[in-house]
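Below you'll find the structure, written out as structure tokens, and then a few comments.
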């Protein structure tokens, strides 16, 4: 699937520190409208740092390089501004927030975005109908709406909830951080269907994953291997299959590429 | 020349005022005895372990020696009362029972008696009904209330009865000028009776009024009381209160303490689970912003066997707010098979805010299950980021998370108008005045 080729995300030579440690060390990546990119890599290679930095998670120092979103300096924007402009991060570990209703958060999130774009807020009826449809598509129970955010959810429910939020907010750039981890095969299929339903010409999706099994269901246009804080190899879907077969060791810095 | 110490001003005010107070000779003798005892012992100060976090200097600024002005117009008071459907209303204006503003139905098994009238009619009965404060060091503000008490109120629920609606005990401070008010309240819920008791503290104006309440509640065997306490004073008002609760066998007492207003609140609870299988559930919340202070002392004693306490207290401090929770649960040797859990969770939202939490357990018998814990923390950064990543701005995210911290406590109160009022007060503190915003 391809879009009009407009770059949605352009990361140039990004170097990022967390505390004393340099996590991203010269990472470059261009993601165009309509594309799905998979970023794979061993644990500790910087995958979650990449999505975190792009979404605006605090605690990182950008040492050098840039990231632009639709031509704008993404790193200069507050996290909420990124969200309202259409960047969405599906968390690897979605937090539980007892006392904040799911439905309240969904409504606040959607209305913050609509207000930012000069659109009227949805009325309660329209909003509930929309949310119910999204819940149904993720095979989630409506009773979850009036529970605390992710409160008492199983791991799979949390991940489905992330994808449900994504489908409600319809981002231009979706960053999925290990959304497949901790899912059983049925939940993985539901999540994959949710992601596939989001594919479209105006949207870019970046999937960060350790294993290629999600990629059996969400077939990427591009696959990148992240190691030592930079992309060491890029290819098509066949690269993911090769990684599954050979592991990551052969790609580690200092190892001769085969 | 410096201002005389409160105790000297109290003695001087007593000399002027006491002869004119209601209740006849019997009550006058009690008042004199209470004053004598108080003067001999003095008010608590920061050298007293259980009073060390309280802003005594601030309390000393209140007008202990000013004669109370005439109470405000009843219509102005009526306008501030919380609308609770079907409620029986008992109103204390500046510490005095006001029958005109009160509504109640005797048929409901409910009796409201003006203590002054009772003292005049039957001084012995009155004296035996009213606890004499002063045995404990922490009881000295109760002694102060006793020294000035007049026109207090006795509320009784007859055995086996349940009033048709909640009993609303409203404490209204009406003074337009600085003043100190003393109030005396006795609540007696007889065996097998049930009652929802709402106390609502409001101030008509912004003046520097200190209210001092000494109150006691007795639950008979198998009685059940749900006690809601909503503090919503004016910005310069202060309140000191001492509730003494005694519960007989198989009785159930629950309290919801919401300290959501006022310049300073000191709340003392002395609760003894006297009878076997008596149980209490204590929820408490303070939210201190600006330069406000809330200071809770709770002392729960398990005396009867198989008694139970569940205490869940929370505090939120922002700006220069100061909060203290000092909670002691004592399980006496006579209380095997008891259960006690005590939790104190606290949220500090500003570097200048302060919270002191001291949960304490003293266990004098085997075969009990007790646990306690205290936490003090800030909002979780990952929670804030999660909400921001969904498009909420930082101030909204912090307000929402702070609200979430206490929402279930508010939600556990049985009366919807009180829940709504408490939610509005919390939301107002978190958004209108913007302390959360400035905290980040």
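Scanning segment A:54-67 for residues that are away from every other protein chain (no Cβ under 11 Å) and surrounded by fewer than 17 Cβ atoms within 10 Å (Cβ to Cβ) turns up A:61, A:62, A:63, A:64, A:66. Within the bounds of segment A:113-122, is there any residue that is at the interface with chain B (Cβ under 8 Å from one of its Cβ atoms) and touching a strand residue (DSSP E or B) at 6+ places or on another chain (Cβ under 9 Å)? For segment A:113-122, residues at the interface with chain B (Cβ under 8 Å from one of its Cβ atoms) and touching a strand residue (DSSP E or B) at 6+ places or on another chain (Cβ under 9 Å): absent. Select from segment A:96-112 the residues that are closer than 20 Å to residue B:411 by Cβ, touching a residue at least 24 places away in the same chain (Cβ under 8 Å), part of a helix (DSSP H, G or I) and within 7 Å of chain B (Cβ to nearest Cβ) and list them in ascending order. Correct list: A:105 only. Residues that are within 14 Å of chain A (Cβ to nearest Cβ) and under 21 Å from residue A:107 (Cα atoms): does segment B:363-383 have at least one? Within segment B:363-383 (the criterion being within 14 Å of chain A (Cβ to nearest Cβ) and under 21 Å from residue A:107 (Cα atoms)), the answer is yes, since at least one residue qualifies. Counting the residues of segment B:342-358 that are away from chain A (no Cβ under 13 Å) and either buried (at least 19 other Cβ atoms within 10 Å of the Cβ) or within 30 Å of residue A:175 (Cβ to Cβ) (or both) gives 8. One residue stands out in segment B:386-398 among those that are buried (at least 23 other Cβ atoms within 10 Å of the Cβ) and touching a helix residue (DSSP H, G or I) at 6+ places or on another chain (Cβ under 6 Å): the one that is farthest from the other protein chains (Cβ to nearest Cβ), namely B:398.
For segment B:183-289, the strands (runs of 3 or more DSSP E) that sit wholly inside it and include 2 or more residues that are closer than 20 Å to residue B:155 by Cβ and touching a strand residue (DSSP E or B) at 6+ places or on another chain (Cβ under 7 Å) are B:194-203, B:209-219, B:224-232, B:238-247, B:252-259, B:264-273.
Restricting attention to segment A:35-63, the residues that are at pLDDT 95 or above and on the phi > 0 side of the Ramachandran plot add up to 1. Among the candidates B:421, B:404, the residue that is facing chain A (nearest Cβ under 8 Å) and either surrounded by fewer than 24 Cβ atoms within 10 Å (Cβ to Cβ) or in contact (Cβ under 8 Å) with a residue 40 or more places away in the chain (or both) is uniquely B:404. Of all residues in segment A:76-90, those that are more than 7 Å from every other protein chain (Cβ to nearest Cβ) and either crowded, with 19+ Cβ neighbours inside 10 Å or more than 18 Å from residue B:396 (Cα to Cα) (or both) total 7.
For segment A:171-207, residues that are under 18 Å from residue A:241 (Cβ atoms) and touching a helix residue (DSSP H, G or I) at 6+ places or on another chain (Cβ under 6 Å) total 2.
To keep it simple, each residue is scored yes or no on (1) modelled with pLDDT under 90; (2) over 30 Å from residue B:335 (Cβ atoms); (3) buried (at least 23 other Cβ atoms within 10 Å of the Cβ); (4) in contact with a helix residue (DSSP H, G or I) (Cβ under 7 Å, 6 or more places away or on another chain).
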position	(1), (2), (3), (4)
B:168	no, yes, yes, no
B:174	yes, yes, yes, yes
B:200	no, yes, yes, no
B:205	yes, yes, no, no
B:216	no, no, no, no
B:246	no, no, no, no
B:249	no, no, no, no
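Across segment B:2-23, what is the number of residues that are at positive phi and surrounded by fewer than 16 Cβ atoms within 10 Å (Cβ to Cβ)? So the count comes out to 0.
Filtering segment B:25-51 to residues that are closer than 18 Å to residue B:120 by Cβ and loosely packed, with under 15 Cβ neighbours inside 10 Å leaves B:25, B:29, B:32.
The values are calculated or read from the model by the stated rules, or taken from the named source; none is laboratory data. This one's a predicted model, so the numbers in the text were calculated from it and none came from an experiment. No Cβ is skipped: glycine too gets one built from the backbone with ideal geometry, and neighbour counts run over all protein chains shown.
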